[in-house]
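See structure below.
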Amino acid sequence: MGAYEDVFRRSQADPAGFWAQAAQAVDWDTPPATILDDSSPPFYRWFSGGTLNTCHNALDRHVAAGRGEQAALIYDSPVTGTARTFTYAQLRDETARFAGVLAGLGVGQGDRVVIYLPMIPEAVIAMLACARLGAVHSVVFGGFAAHELAVRIDDALPAVIVSASCGIEGKRVIEYKPILDAAIAEATHKPGHCVIVARPQAQAAMHAHDIDWQAAMAAATPRPCVSVAATDPLYILYTSGTTGKPKGVVRDNGGHAVALTWSMKNVYDTHAGEVFWAASDIGWVVGHSYIVYAPLLAGCTTILYEGKPVGTPDAGAFWRVIAEHGVKTLFTAPTGFRAIRKEDPRGELTTKYDLSRFQYLFLAGERLDPDTYRWAGELLGVPVIDHWWQTETGWAVAADPMGLEQLPTKPGSPTKPVPGYDVQILDDQGNAAEPGTAGQIVIRLPLPPGCLPTLWRNDEGFRAAYLSRYPGYYLTGDGGFFDADGYLYVMGRTDDVINVAGHRLSTGEMEEVLASHPAVAECAVFGVNDALKGEVPRGFVVLKAGIEADPEVLAGDLAQMIRDKIGPIATLSRLDIVAALPKTRSGKILRKTMRGLANGRDEPVPSTIDDPATLDGLRPILRP
Ligand code: COA
Ligand code: AMP
């Protein structure tokens, strides 16, 4: 039996014993009395009775262990032409001081803090400062519009919001403060204060409740770590589901620290003192788990990169960062590599850099197409590891666990379930599917540590969205199958979620925006395959009778509404005004039928339409 098989079996045979052992890698103030609390299924809690502090585990413990002078965080920002390194001691001190700022504004254990920041060190410091105080952060991705931010403010009810004067997208300065002000104006809940990072590229208009980051830091008294329950929330991260109301995924402290620490060693084979780079954004789960928490919990150096893989300054940006900072492990989304390949098809820019310390390329966030997989592998000469997970799980569900054993790769598959996850494929009746037969990908409960215990103040929503379809199982929302060798293949979402350039979005939410226009009778939004971004949204709209607007102008207005309400990341690739959409007798729009027809496939119907051209073949159906 190989190392993977052995560890996987142990994790299934005795989950409590397995995770009790893993928990020894974390510093506890009080060791957990119960490893797995299964007293109220389908809700499970890990490490009940245990107390700890996540910030202590990410920073203070490493300083105490002699890593104070090691680089903890390297901020590399080609868009501003700056770079800055924080040692573990410096990052701890800045974090303790910002915890003092928050405490001075009345933030205490359990209070929420919304963080709406670009990729600057203050974002990491603010997250860790919340963890230090036992406060609950909720980071909102900078590419979301004011309305999205307002919806999250009204759900999380933050005491304080941390933001900045601007973000920088390529050569463009995106002012954040007007977006923040508009969000607060729209939200019912008003935060007590906003702490604003003044960046030199834009000046923010400051209001009575706004506080300047630097001034507040200068006046603050550093705060120590607070001991919290393992089961207390560390953060809320909102993610897209079927409707316009995003789901507040809750992450706890204990399970999260244990699972992420385990993953660094066993999945990523990256250890204290080594350099780990997740080229993502702190607004997504990849940024939470693998820019901030996991590398720091493991005592690594993490990189915070403010820029794109191409254009800042060229398609060699990733190779420059890898060479300059000695990156061992890079984690990004396939779309980033597709963007590089488009600009530099032969990868000639790699020859300008010393990539000798680079050992692994991990890709996730969307499907890795075999073409990109092969291109990256041949170019870089390192293992290219596709792994599959979601905001809800917080860490990899299926991967080639490099720290355990390198399993043979099969292009198109994220390899096998990671120890801790009992992944199964079920058909519509709840029966296990045969190898090679597609169905819903589910995970048998309990989910391992680190996965969401529930949704923020919404146990019923958690049950309804994830646990009710197949009792005893967590519904991932992805369809797929196992092959005869136990390799998992993920075919795509079976719900209304799409992934645009690694950004998770809801087509249902886009439909809600379109439907709110007075001229729109009904509409449907689908993901269609895209060579660069993986998927892009495309919309169909039926107008109310008697509307005589210029279709082109109206289509432009509708597309702009989506940008204004959801954000530029949700920009529609195309919008068609059609005569009708297919419906049931009761008047329900047959979205799944449309997707199925376009893909020429049976259930489970993927959310993406494989070949956008087939939609044109649907035109007869889209007419009365
Ligand atoms: N703040 C403000 N605006 C943002 C933003 C942010 N943090 N992130 C994206 N946007 C805007 C962009 O400026 C763009 O606006 P525009 O339509 O006005 O030009 C729009 O949202 C779409 O952005 P994006 O989807 O990123 O497309 P792009 O064409 O700018 O770049 C890639 C395409 C592939 C280069 C880019 O998506 C990329 O680097 N992806 C890497 C993978 C990644 O980070 N994935 C995250 C999860 S792992
Ligand atoms: P997010 O919650 O933003 O991380 O998005 C999670 C979704 O992205 C999953 O449910 C999948 O649909 C998709 N996804 C993530 N990783 C992969 C992968 N390696 N292969 C295929 N799809 C993936």
Restricting to segment 477-487, and then to whatever is buried (at least 20 other Cβ atoms within 10 Å of the Cβ) and in contact with a Pro (Cβ under 6 Å, 6 or more places away or on another chain), can you tell me which residue is modelled with the highest pLDDT? 482
Number of positions in segment 528-571 that are over 20 Å from the mean Cα position of the chain (by Cα), within 16 Å of ligand 2 (Cβ to nearest atom) and surrounded by 20 or more Cβ atoms within 10 Å (Cβ to Cβ): 1
Restricting attention to segment 212-247, report how many residues are hydrophobic (A, V, I, L, M, F, W, C), within 18 Å of residue 59 (Cβ to Cβ) and crowded, with 23+ Cβ neighbours inside 10 Å. 3
What residue, among those in segment 528-572 that are in contact with an Asp or Glu (Cβ under 7 Å, 6 or more places away or on another chain) and not in a strand (DSSP E or B), is nearest to ligand 1 (Cβ to nearest atom)? 567
Residue among 141, 86, 98 that alone is touching a His at 6+ places or on another chain (Cβ under 9 Å) and among the aromatic types (Phe, Trp, Tyr): 141
Sole residue being under 20 Å from residue 385 (Cβ atoms), free of Cβ contacts under 8 Å to residues at least 60 places away in the same chain and assigned to a loop (DSSP other than H, G, I, E, B), chosen from 419, 408: 408
What are the residue pairs meeting all of these: first residue in segment 275-295, first residue within 20 Å of residue 319 (Cβ to Cβ), second residue within 10 Å of ligand 2 (Cβ to nearest atom) and of a type in the set (Ser, Thr, Tyr), Cβ atoms under 7 Å, and 6 or more apart or on different chains? 291/280
Out of everything in segment 368-424 that is within 12 Å of ligand 2 (Cβ to nearest atom) and aromatic (Phe, Trp, Tyr), what residue ends up being farthest from residue 262 (Cα to Cα)? 373
Starting from segment 325-338, take each residue that is on the phi > 0 side of the Ramachandran plot and list its partners that are of a type outside the set (A, V, I, L, M), counting only C-beta distances under 7 angstrom and pairs at least six apart or across chains. 326/357
Only one of (1) more than 30 Å from residue 526 (Cα to Cα); (2) in contact (Cβ under 8 Å) with a residue 12 or more places away in the chain; (3) among the hydrophobic types (A, V, I, L, M, F, W, C); (4) assigned to a helix (DSSP H, G or I) does not apply to residue 211, and that is (4)
Give the residue that is farthest from ligand 1 (Cβ to nearest atom), with candidates limited to residues of segment 235-247 that are of a type in the set (Ser, Thr, Tyr) and part of a loop (DSSP other than H, G, I, E, B). 243
Of all strands (runs of 3 or more DSSP E) completely enclosed by segment 434-527, which ones contain at least 3 residues that are under 17 Å from the mean Cα position of the chain (by Cα) and within 16 Å of ligand 1 (Cβ to nearest atom)? 497-500, 503-506
Enumeration of residues in segment 2-44 that are part of a loop (DSSP other than H, G, I, E, B) and over 12 Å from residue 254 (Cα atoms): 2, 14, 33, 41, 42
What number goes with the only condition from (1) surrounded by 20 or more Cβ atoms within 10 Å (Cβ to Cβ); (2) away from ligand 1 (no atom under 14 Å from the Cβ); (3) part of a helix (DSSP H, G or I); (4) not β-branched (Val, Ile, Thr) that residue 181 does not pass? (1)
Conditions (1) assigned to a helix (DSSP H, G or I); (2) buried (at least 17 other Cβ atoms within 10 Å of the Cβ) -> residue 76 fails only (1)
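Condition check ((1) surrounded by fewer than 24 Cβ atoms within 10 Å (Cβ to Cβ); (2) under 27 Å from residue 273 (Cα atoms); (3) over 24 Å from the mean Cα position of the chain (by Cα)) across all residues:
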{"site": "54", "(1), (2), (3)": "no, yes, no"}
{"site": "58", "(1), (2), (3)": "no, yes, no"}
{"site": "83", "(1), (2), (3)": "yes, yes, yes"}
{"site": "86", "(1), (2), (3)": "yes, yes, yes"}
{"site": "102", "(1), (2), (3)": "no, no, yes"}
{"site": "107", "(1), (2), (3)": "no, no, yes"}
{"site": "146", "(1), (2), (3)": "yes, no, no"}
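The values are calculated or read from the model by the stated rules, or taken from the named source; none is laboratory data. Keep in mind it's a predicted model, so treat the numbers as computed, not measured. Cβ atoms come from the backbone with ideal geometry, glycine included; neighbour counts cover every protein chain shown.
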